[in-house]
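Everything below concerns the one structure shown next.
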Amino acid sequence: AAALLDCLAGIIWSTRVGRMAQVAMCKAQELPPMREAAEYIRITECKSEADVREALQAAAGSYVRPRGGGVALLLYSVLLTRGVAMVARDADFPSSLILPNGYC
């Protein structure tokens, strides 16, 4: 689990754009459905990669638990660290992947 958390810390830290990284953690044993998840997610701001590792270690259960919300929490962390606007700019497609009718 330590190697996985080190890799996740590297991923989150490398996405920042001249600012702190943010690590998403879940206060519940399992990440609730999307519409309810906001009240269970806590964000920790980190000033260094070591801080990111420490935050991930504190929330290790959320990230490594089978059927847990680790992938969603990683995505939240990356989006918050990079910024939604920058992620959209990083995309290599010229238009939205969601069509006006709501289909992909």
### Task
Tell me, please, whether a residue that is touching a Ser or Thr at 6+ places or on another chain (Cβ under 6 Å) and at pLDDT 90 or above can be found in segment 32-48.
no
### Query
When only residues in segment 15-28 that are part of a loop (DSSP other than H, G, I, E, B) and not charged (D, E, K, R) count, which is modelled with the lowest pLDDT?
Gly18
### Query
Looking at (1) open to solvent by 80 Å² or more (accessible area, probe 1.4 Å); (2) under 23 Å from Asp90 (Cβ atoms); (3) in contact with a strand residue (DSSP E or B) (Cβ under 6 Å, 6 or more places away or on another chain), can you tell me which one Val52 breaks?
(1)
### Task
Name every residue in segment 20-47 that is exposed (fewer than 15 other Cβ atoms within 10 Å of the Cβ), free of Cβ contacts under 8 Å to residues at least 24 places away in the same chain and under 20 Å from Gly83 (Cβ atoms), in order of residue number.
Ala38, Arg42
#### Entry: Gly83 modelled with pLDDT of 80 or more and under 16 Å from Cys7 (Cα atoms)
no
### Task
Go through segment 1-13 and count every residue that is of a type in the set (A, V, I, L, M) and surrounded by 13 or more Cβ atoms within 10 Å (Cβ to Cβ).
6
### Query
Of Arg89, Arg67, Arg16, which residue is surrounded by 15 or more Cβ atoms within 10 Å (Cβ to Cβ) and of a type in the set (Lys, Arg)?
Arg16
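The values are calculated or read from the model by the stated rules, or taken from the named source; none is laboratory data. The structure presented is a predicted model; accordingly, all values stated were derived computationally and were not measured. Every residue, glycine among them, receives a Cβ derived from its backbone with ideal geometry; neighbour counts consider all protein chains shown. We work out accessible area using only protein heavy atoms, side chains counted, and drop any ligands, DNA or RNA first. Shrake-Rupley method; radii C 1.70, N 1.55, O 1.52, S 1.80 Å.
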